[in-house]
Amino acid sequence: MNNPTSPLIEATELRHIYLNEDVIIVDTSNGPGVKEIYEAKHLPGALYVDLNTQLADIKENAANGGRHPLPSSKQFAETLTSLGIFNDSHVVIYDNKNGSNAAARLWWMMKALGHEKVQVLNGGIQAAEKAGLAMSSAKSPIKMANPYLAGEWQLLQAGINEVEKKATGKDFIVIDVRDEYRYNGEREPIDLVAGHIPGAVNIPYTSNLDEEGLFKSPDELREKYAPVFKNIAPENIIVHCGSGITACHTLLAIAYAGLAIPALYVGSWSEWSRNNKTIATKTS
């Protein structure tokens, strides 16, 4: 049986839920032309959510909060209300990147509001297709609900000044989940400067997945992260990426492993690299 509190759900479990439970499916796929792709093919009933306009409050200058700063919890609650999502809704999220991108971001945001029944489809839409789940091009109706009730963000976050203070401390750890070549400063395909935050360790988010693009087992993930965390308190473990999106994939993996969710540095490298902060490379 499906456990609604698990951060992940398998495609085979989702098929069972379709038949036996009321569930809201959300497609957070992103990339060029993705809205047209969604309109042509999505899981039946899936509602589309846009990363840039609904899961972020993008500013003119990425130095202020990075490329994907969070909206206020109030703004996000309004987005959930517009999707017909209420506090006790069972929500399943997927994307076109094996759950490693905007699906993980939406999961983190909902958990940060205290939402209990929210899960990411392991393997994304690719896993759904492989499992033989039906696809649809029909417009998905929104079942309106009462307004989503939300307070302030509840999960741990860290700002740029806190990251600077803690990155080199012996009782703290900052984890950079970007690809190794970006961390090393060999090349930077998105932001303005290559390199990493001094003191940060590199654990690419892609290492959370197996060869088929599925999350490794909770035991494997626990064996991977527990020795890194040691006895460090969750609030002193900070996870970041380029703009606060794929970092959520690692936070999802950590939660799946049964470990406490560390702090998210939302601004991530896109903010750090634009604020005249010290930058390290493999050779520096």
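The values are calculated or read from the model by the stated rules, or taken from the named source; none is laboratory data. All figures in this text were calculated on a predicted structure; none of them were measured in a lab. Reconstructed Cβ throughout: ideal geometry from the backbone, glycine too, with neighbour counts over all protein chains shown.
Give me a count of the residues in segment 201-237 that are within 30 Å of Asn276 (Cβ to Cβ), without any contact (Cβ under 8 Å) to a residue 60 or more places away in the chain, touching a helix residue (DSSP H, G or I) at 6+ places or on another chain (Cβ under 8 Å) and not polar (S, T, N, Q). So the answer is 3.
Scanning segment 206-231 for residues that are surrounded by fewer than 15 Cβ atoms within 10 Å (Cβ to Cβ) and of a type in the set (A, V, I, L, M, F, W, C) gives Ala226, Val228. In segment 170-190, the residue that is nearest to the chain's Cα centre (by Cα) out of those that are surrounded by fewer than 21 Cβ atoms within 10 Å (Cβ to Cβ) and under 20 Å from Arg67 (Cβ atoms) is Asp179. Of all residues in segment 100-120, those that are not assigned by TED's automatic domain parsing to the domain that holds Lys216 have Cβ atoms under 7 Å from Cβ atoms of residues that are acidic (Asp, Glu) and buried (at least 24 other Cβ atoms within 10 Å of the Cβ), 6 or more apart or on another chain, in Asn101/Asp95; Ala102/Asp95; Ala103/Asp95. Of all the listed residues (Lys111, Lys139), the sole one being among the basic types (Lys, Arg) and not in a helix (DSSP H, G or I) is Lys139.
In segment 214-272, counting only helices (runs of 4 or more DSSP H) that sit wholly within it, the ones holding 1 or more residues that are under 15 Å from Leu155 (Cα atoms) and modelled with pLDDT of 95 or more span 246-256.
Can you find a residue in segment 15-22 that is under 21 Å from the mean Cα position of the chain (by Cα) and either surrounded by 16 or more Cβ atoms within 10 Å (Cβ to Cβ) or in contact (Cβ under 8 Å) with a residue 40 or more places away in the chain (or both)? So far as segment 15-22 goes, no, none of its residues is under 21 Å from the mean Cα position of the chain (by Cα) and either surrounded by 16 or more Cβ atoms within 10 Å (Cβ to Cβ) or in contact (Cβ under 8 Å) with a residue 40 or more places away in the chain (or both).
Conditions tested, residue by residue: (1) buried (at least 21 other Cβ atoms within 10 Å of the Cβ); (2) under 15 Å from Ile9 (Cα atoms); (3) basic (Lys, Arg).
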site	(1), (2), (3)
Asp50	no, no, no
Leu70	yes, no, no
Ser82	no, no, no
Ile85	yes, no, no
Ser89	no, no, no
Lys97	yes, no, yes
Ala102	yes, no, no
Lys111	no, no, yes
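Checking each residue of segment 261-274 against the condition of being of a type in the set (Lys, Arg) and either crowded, with 24+ Cβ neighbours inside 10 Å or in contact (Cβ under 8 Å) with a residue 60 or more places away in the chain (or both) gives at least one match. Note on segment 191-234: residues that are within 18 Å of the chain's Cα centre (by Cα) and more than 20 Å from Ala11 (Cβ to Cβ) amount to 8. Residue pairs whose Cβ atoms lie under 6 Å apart, separated by 6 or more positions or on different chains, with the first residue in segment 173-197 and assigned by TED's automatic domain parsing to the domain that holds Ile232 and the second assigned to a helix (DSSP H, G or I) and of a type in the set (A, V, I, L, M), are Val177/Ala247.
Of the residues making up segment 52-68, just one is in a helix (DSSP H, G or I) and crowded, with 16+ Cβ neighbours inside 10 Å, namely Gln54.
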